[in-house]
Structure formats: C-alpha cells, structure tokens
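Have a look at the structure below, then the notes.
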Amino acid sequence: FNAYLPFYEDVVLRHLMGSGVRHNVLMMDADQAAVEVGNHPPHSVGRLYTLAPIKAVAAFHPKVIFLVGEKKGVLFAGSHNLTLSGFGYNRELTNLIRYGGEDDIEGALLLSAAWASVLGWAESNAHILPNHILEMVQKVSDFAPWLQPDSTDVVEHCQVLAAQPNATSLWQQLRNFAGPSPVSRVTVSGAFFDSDLSFIETVQKELEPSELIVGVDPETVQFPMNKKRDGVAYVNCGSLGVEEKGSKTPGYLHAKSIFLEREGGQAVMAVGSANPSAPAWLADGVERNIEMMIARKGEEALEAADDLGLLSIESLPPLTEDDWHRIDSNWKADNSSGKDSDASPVVIAVATDTDVSFRVPGNNLPAVLECDLYSSAFEPPTSIRARLDGDEYHFSVEGNKIPSTYFHFSVSDKRYTGVIQYVKKIESLSRTNSQRAFNNALASLATGAPDLDSFVECIKGIINIGGSINTQKQTSRRSGSQGKSGSNEQQKEGAELSISLEEVAEKEKKRKQRLRGVDDLGYLLDVLLYNLRDDATVGMDDTLEERDSMGRSEEEQIDADDEDIDIEDQDIDDDHPAPPADNPLPRCHSKVHALVELACGQIKGLKDLKLEMPRLVIVLAGILSALRLLRGLEGKVPWVGAGGTTFPLKDRERLFAEIVHVLFDEETSVVNPVDGLAYLKEYDEFARLKGLIVWLAWEAGITFADQKPFNETSEECRARRNANRQYVALAQMIGSDEDVISEARQSIGPLSVGDMDWLDQLFRVDSLFSKVCEVPSALKDATSAEAGDFGFNGQRPDSGVREILQRGSGKHGLASHCSDKVRYVVTIHHPSQAGAQKCNLSSVTAPA
C-alpha cells in the first residue's frame, strides 16, 4: 500500500541485489505512489527495479513480499507496509510461508495461489500500465518453474484469502474456509474500523458467537466510539506484543487479525492486511479494497494464536473512560483532516535506446507537452518537448544518453510526474540464470574462443525444463467503473479456438498471436528467431557482460546461494566422439549433431504421442533457429575457416528427413493440418517454423526434377521422385502466408543471395497450386497420368496436391508426401474429380 522510497532503494533493494535477487518489482497503491514520488523522488527506479502503481477505486492495500528462485521461494503476507515503521518500529503481524523444493507440495500451492492474486492485481491495471510493466511483473514467475497460478488444488489447513474486484468478498472466503460449525468466541484486532462498524455488526449477526472481543490500542486506533455495539467486549491491547514492559514506548499497534474458536475447540485464524472494516472485508466489486490474508485452522491455528498472544486478548483489561476519550479524540482528529490533493499523479514512461513514450489519461490532449527532465532531485532539469502520436506522447533521446529518472509536465493545469522505465536495463536484470548463461554463450560465438558447449547445453537445458504452451487467447482482467474513494482508514495509513475458414482468412491478414511468452523458452525463441534473424551476429556485442559462470555480475555474487543448472551431457555418442577442446570447428560439428539428435527426439516424441504439437512448434523453431545462427557464422568468424561449414550436410539431410517423415502427413501434418491443428495458423511461431523448414530443405538440397535422366537406375528414380514429393509438399506448406515467406527469405537471403531463385520458384509453385486447385475442371483427366505426375482430388482439395500412383481399373492412388505409399484412393468418374497437370515445375515462371 505504502512505501518509503529512500528506505526501499537504499536498504531493502541493496540487500536484495547483494543477495543475487536481480529482478525486483515494487507494486504500490497509485495514490500513495504519487505522494511518495513527490515527497522523495526516486533515483534507482526504472533502472534497478520496476515500479508498478496500481490504481484502485478503493485502496490497493496488500502487504506482500514474494521472493522466488528456481528451487525455492518465500512468501510474507501481513500488515507491514514497506516503510521504516512497518519494518522496524510498529507492532505488526506477518505470515511466513516457505517453498522448500519439489517435494513441498503445500508450499508450492500456497505460493502459487498468492502469485495468482498478484498477477490478477497487475492485470486489473492493464488499461493503465504500459505492456512492458505488465511483462516485468509476469516475468517474476520465469524464475520459479514450480509456480502453478492456475492450479485448482488447495491446502486444507491453510489458505490464501485475496480480495480483489472480480473475486468474492474476503469475508465470504473466510466463511467458506472456516466451515459451518458453530462459533463460541471471536477475537478481532486492528488499527482501523469503518465509520458504521459494519464489519463488527456482520461478525456478530452471521456467526452469533457467545463472545465477541474487540482488542484495540486506545493511543492509536481509529474507531467510531458513538457506533459501538452492545454485546461486544472492548479490551485494551496497548500491551500486546510489547516484549519488555516499561522499557520504552511501544510501537504503533498496526497488526490485523481475526481468531475464531469453535465449539469443540477447533480454531480458525486469519492474519494479514485487512483491517476490521467494510471496505476490506465486505464491500462489493470495485468498491472493496485489494487485500491479502492468510487463514489457518486446526492445531496449527491454535498454536500460532497462542504464540502471538491472541489467546491472551480475552484476559486484557476492558477499556476505561479515559481510553474511550482518547479513542474519540483520535477519530475526530482524523476525520477533520482533509485528503492530500496536491500530489501529482504518476505515469510510467517506457524508454528504448532512442525514444521515451508515455500515455496521459483524458481526451482532447495537447499536441505538444513541455517536460522538465530530472536526473536527480539535486540537479536542474532539462527541458524537452513530447509530441502526441496516436494515443502516446514521445520524445527522442537518440544521440543523447539522458540519465533522467523522472520528469514533470502539466495538462489542463494538472501536474503529472513521469517515471522512466529503461527497457534494456530492466530486461537485462530480469533474465533468469538460464537466460543469462545462454546470452553469454551466444556472445562468445562471435569471438575466437566460442563457448559451444555452454551454447548447446543451455539450449538443451531450457528445452528439457518442460512447461505447458499457452494456446488460449490472451485477455486482460480490467477494473470496473469509477466510484468513490476509499475510507478514512486508507487515508490515515498512507504516512474457443475453433473458428470458421472465413475468420481464418481474415486473421491471416492481421498480426498473428504468440504461442510462447516471457519464460526461458520464450526468451530463447525471441533471441534466436526474432532478434537475430536478419544477421547472425547482430546484437551479440550488446550481450557481452562481465559475469561469472552463472551469469552474475560481481555485485550479484555477494552472499548468493544459487545453484548451477543441472544439465546432463547427452551429445557424445560412439559415432561422434568429442574432438579436442582447442579445435572449435570439429567441436561445433559434434554439438550440431547433438542439437539435431535432440530435435529428432522431440519429433519422435510427437509421433509417439509423448509431446503435443504446440510445444514441438516452439522447440523445433528454437533448434532450427540455433542451427541457422551457427550456419550464419560462416565467413564471419575466424574459427570456422575458409570453406568450412558449421552445419554438416549429413546432419541437414538427417533432420529434414525426420521432419518430412513425421510432419508432412498423417495427423501431425504441417502441410495439410487436420481440423484439430488448424488453430495453429493463428500463431506466429507456427508460420516462422514453416519458414525455417523451407530454409532447411534448401540446406538439404531439395529440388524438383521432372525429367528422367538417361540410364537412371531404379534407386536413382526412387530418390528423384521422393525429392519431388517433398518439394511439392514444401510448396503447399507455404500456403501464400506472408510470414512464412518472410521467414524463408530472411533465412536464405543472408546466406546465399544467388540461391534466392530457388526460393522464388518455390513460391511460384505454391501460387500455381493455389490457382489450379480453384479450377480443377481445367486440368487433364487423371486416367492419362504417368508415374511421377501430380494431381489432387477435386472433392477434397484440402488433402493437397500429391503424386499420382496408378492402380488400374479406373482407380488411382494419391501418394503420401513422405513416401510412395498410397495415402488416398481416387476413382475417376469425370475430369473434375481429379486432375493431373503436365508442366515442368522446375521451370515455372508464372502461375499460368
């Protein structure tokens, strides 16, 4: 809810980064962030950590610390704010839950439930926060593959209660967790109560306890004395949590708890951020606070309550007249103070190498904004103009490395503060150990001492981690309509994938979705498939950093206890022994062979139903991109040598043959996808994979030869016709998809401009097939077909153009794409049912 930024940046953040916690995100109530940034301008925001101001109609009020790693995690959820008081002086209650490893199922479930709530809070602000900020919040889970935020399993004796606009109320969640048994006693403690004591009234009416005890510290509590209810015992908790009485003034009692004792002795306890108020526990929809409580029941709850002193509240002295007088004074003083209205709202600006962009709420915005940029609170500002382009303002930083952290501007006499998020810097900190190790290995390839072992092992390790592939359309949960502001307590505390063919055609004109997001596998694909596809060495210089073997800077190695990625070495076999370490090219061949074998194993996994197609798309695209990258190093790095190749022809042919065997036909075809896989056409990685398969076919030397050579042997004939089938299938796989065509061009062009004729011809063949399949009656009757001709079933054009196999008696077979075995049997009744085109595909110049 609230944070004291000097404390966070100079103490908390420094300790976290010194312990190896690189990726840090601070989520904070947007109104409180505005006040704090105005009072204490940050100096590390946007460069060492991400600030995500969360806007809520009521209050963004949880107090959560979420620390995760590859094999461990810690959750703190309690009453403390990120302030000196919350961490050092107040009397607070906080839950600590650890995840201790793969056998700790309960810990994983509880932290996953908490993380799902955190994601929900961030996504509720998707219409306000830049996409990069949301991605940085989501990226926290990349460090913890054990997180399962969509799990429906629960821990019976402990549960995360999270209040947010689209969830049931906190009170209903607690009632569901506690169960229907009668309650004999309820003990409530907190620092802020709502003005009508609605929460206390609800507890009294719905639970009907024999005793209802409310414990407060009269020196600090905010409580409406004129609304106190009969049948409730009010006690003085001023001594609660004080270890040595009389030694010094006790800290502010800021703890929040509710303890239920059932008939028969069973106990339920909830501790966290929610005060005993209506906005925290009862309010509907967007009117409620965003909170988090941890509820426990059974012996664990009873023991914890005893340790915390909650069981002793019933024996504390009742409030005296003097106590009530003090409480009444607190209430009147708080309600007479107005809300701070001078704070400048915070907007997050996103900075790339050359540009800073940000959005401003409202309509009729001016075309130009005058901005004052600050590098620190002690330096004079730099004036710059931001210009409106669409719904975003932009100002350029090209050629001028502005170290600015924040800036001020005004719109319609309203002053705003812009906090700058430096994308490149934050993303470098947000890389996981696997990503950083891969990045460093990638950078080494452009040097004279390539770290091929690490490069390949990182790829294998990332691929072998597993994880599901998202094929659901992305939707953002957004907050509802605007409403009234939070209560005085908040102010005081602030010091279906099936679609029609028409829809598919329409969507092909638009930008495709992504299958994989921001985890290690997504990062691997982003670097290899998207960032480096134009030039194999572009961007490598940016990845060079002074890091240890785990990818950590000198500062990050302090007190770090990370463990190395455990990847089994699988690339050495009897046929490909490891060459000497001082001979890079043979070592490269061994590693390339390992990647090819890994790809073939993944393809076989799909065939054996051990792998789903979406995951294979991602994995195979990543491996092919890595092989393309290595191939692109030829002629550019000294260790390859003149005339050398990083990707031996034998391995190219082996991998392409395996792809043809599994992915060109049957239920796993990418050439003629069955209905169950048609949705993959919506995804960009699927198109990119097909473009990479075209590149691999070119690397493997696949061409079309329709002329039978003189004295051709039966073996040569078989090989020629097999290559022809593969070529024809390859052309149809393109399907006139511009993304496939683009990927193929960007893969082959940098390697051999001269061989672009091969690619252009393949595109023309694809176009030819599209044309003739639309008008099958224009083709010849297949009864005159000869061995090696190609045709299709006019009633089943979706089965594609295939080699015609003569079977006699008016029947013809359409061959598989990958062999001369019959895939379909066609009976000829009239020319429109099947066609054979007599044309030389190797010299097609136009789809005529």
Which members of the range 400-457 meet the condition of being among the basic types (Lys, Arg), under 29 Å from the mean Cα position of the chain (by Cα) and open to solvent by 20 Å² or more (accessible area, probe 1.4 Å)?
-> 424, 425, 431
Number of the exception - residue 128 against (1) closer than 29 Å to residue 266 by Cβ; (2) out of contact with any Ser or Thr (no Cβ under 8 Å at 6 or more places or on another chain); (3) among the aliphatic types (A, V, I, L, M) | (1)
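Kindly provide the set of residues from the range 675-686 that are crowded, with 24+ Cβ neighbours inside 10 Å and either farther than 20 Å from residue 530 by Cβ or of a type outside the set (Asp, Glu) (or both), ordered by number.
Looking only at the range 675-686, we keep the residues that are crowded, with 24+ Cβ neighbours inside 10 Å, and these are 685-686.
686, the sole residue that qualifies.
Residue check: is residue 735 small (Gly, Ala, Ser), at pLDDT below 85 and surrounded by fewer than 22 Cβ atoms within 10 Å (Cβ to Cβ)? Show your work before the answer.
On the way: small (Gly, Ala, Ser): yes; at pLDDT below 85: no; surrounded by fewer than 22 Cβ atoms within 10 Å (Cβ to Cβ): yes.
The answer is no for residue 735.
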Of (1) open to solvent by 20 Å² or more (accessible area, probe 1.4 Å); (2) out of contact with any Leu (no Cβ under 6 Å at 6 or more places or on another chain); (3) modelled with pLDDT of 90 or more, residue 129 satisfies every one except (1)
The range 70-113, subset in contact with a strand residue (DSSP E or B) (Cβ under 6 Å, 6 or more places away or on another chain) and hydroxyl-bearing (Ser, Thr, Tyr), residue farthest from residue 289 (Cα to Cα) = 99
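The rows are residues; the columns are (1) surrounded by fewer than 21 Cβ atoms within 10 Å (Cβ to Cβ); (2) at pLDDT below 75.
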{"position": "763", "(1), (2)": "yes, no"}
{"position": "769", "(1), (2)": "no, no"}
{"position": "773", "(1), (2)": "yes, yes"}
{"position": "778", "(1), (2)": "yes, yes"}
{"position": "781", "(1), (2)": "yes, yes"}
{"position": "788", "(1), (2)": "yes, no"}
{"position": "791", "(1), (2)": "no, no"}
{"position": "802", "(1), (2)": "no, no"}
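State whether one or more residues within the range 255-270 are of a type outside the set (S, T, N, Q), open to solvent by less than 30 Å² (accessible area, probe 1.4 Å) and assigned to a loop (DSSP other than H, G, I, E, B). Steps first, please.
Keep residues of the range 255-270 that are of a type outside the set (S, T, N, Q), which gives 255-256, 258-265, 267-270.
When the remaining residues are screened for being open to solvent by less than 30 Å² (accessible area, probe 1.4 Å), the result is 255-256, 258-260, 262, 267-270.
Narrowing the set further to residues that are assigned to a loop (DSSP other than H, G, I, E, B) leaves 255-256.
There is at least one residue in the range 255-270 that is of a type outside the set (S, T, N, Q), open to solvent by less than 30 Å² (accessible area, probe 1.4 Å) and assigned to a loop (DSSP other than H, G, I, E, B).
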Cross-chain or 6+ apart pairs with Cβ under 8 Å, the range 138-166 first and surrounded by fewer than 16 Cβ atoms within 10 Å (Cβ to Cβ), then acidic (Asp, Glu) | 157/300
Can residue 615 be described as open to solvent by less than 30 Å² (accessible area, probe 1.4 Å), of a type in the set (Lys, Arg) and within 22 Å of residue 727 (Cβ to Cβ)?
-> no
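Among the listed residues 383, 376, 404, which satisfies the condition of being assigned to a strand (DSSP E or B) and hydroxyl-bearing (Ser, Thr, Tyr)?
Numbers: 376 fails: assigned to a strand (DSSP E or B); 404 fails: assigned to a strand (DSSP E or B).
Within the list 383, 376, 404, the selection yields 383.
Yes/no per residue for (1) modelled with pLDDT under 95; (2) among the hydrophobic types (A, V, I, L, M, F, W, C); (3) not in a helix (DSSP H, G or I):
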residue	(1), (2), (3)
161	no, yes, yes
181	yes, no, yes
195	yes, no, yes
200	no, yes, no
214	no, yes, yes
219	yes, no, yes
229	yes, no, yes
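Filter the range 356-373 down to residues that are open to solvent by less than 40 Å² (accessible area, probe 1.4 Å) and of a type outside the set (S, T, N, Q) and give me whichever is farthest from residue 418 (Cα to Cα). I'd like the intermediate steps shown before the answer.
In the first step, residues of the range 356-373 are kept if they are open to solvent by less than 40 Å² (accessible area, probe 1.4 Å); the result is 356-358, 360, 369, 371, 373.
So of that shortlist, the ones also of a type outside the set (S, T, N, Q) come out as 356, 358, 360, 369, 371, 373.
Working: 356: 11, 358: 8, 360: 10, 369: 12, 371: 9, 373: 9 Å.
Checked the range 356-373; the qualifying residue farthest from residue 418 (Cα to Cα) is 369.
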Can you name the condition, by its number, that residue 821 falls short on among (1) modelled with pLDDT of 70 or more; (2) of a type in the set (Lys, Arg); (3) surrounded by 14 or more Cβ atoms within 10 Å (Cβ to Cβ)?
-> (3)
Filter pass, residue 301 being buried (at least 23 other Cβ atoms within 10 Å of the Cβ) and either of a type in the set (Lys, Arg) or assigned to a helix (DSSP H, G or I) (or both) = yes
Selection within the range 634-674 - part of a loop (DSSP other than H, G, I, E, B), surrounded by fewer than 21 Cβ atoms within 10 Å (Cβ to Cβ) and hydrophobic (A, V, I, L, M, F, W, C) | 637, 639, 640, 642, 674
Among (1) under 30 Å from the mean Cα position of the chain (by Cα); (2) over 26 Å from residue 667 (Cα atoms) - the single one residue 710 does not satisfy = (1)
Output yes when any residue across the range 140-147 is within 30 Å of residue 514 (Cα to Cα), out of contact with any Ser or Thr (no Cβ under 8 Å at 6 or more places or on another chain) and part of a helix (DSSP H, G or I), and no when none is.
-> yes
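Let's see how each residue does on (1) in contact with a strand residue (DSSP E or B) (Cβ under 7 Å, 6 or more places away or on another chain); (2) buried (at least 18 other Cβ atoms within 10 Å of the Cβ):
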position	(1), (2)
307	no, no
312	no, no
318	yes, no
321	no, no
331	yes, yes
What tally of residues in the range 384-399 results from selecting those that are open to solvent by 90 Å² or more (accessible area, probe 1.4 Å), at pLDDT 85 or above and farther than 19 Å from residue 132 by Cα?
-> 2
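The values are calculated or read from the model by the stated rules, or taken from the named source; none is laboratory data. Computed from a predicted structure; not experimentally measured. Counting neighbours? That spans all protein chains shown, and the Cβs are built from the backbone with ideal geometry, glycine included. The protein model used for the area step is the full one, side chains on, heavy atoms only, and it has no ligands, DNA or RNA in it. Shrake-Rupley method; radii C 1.70, N 1.55, O 1.52, S 1.80 Å.
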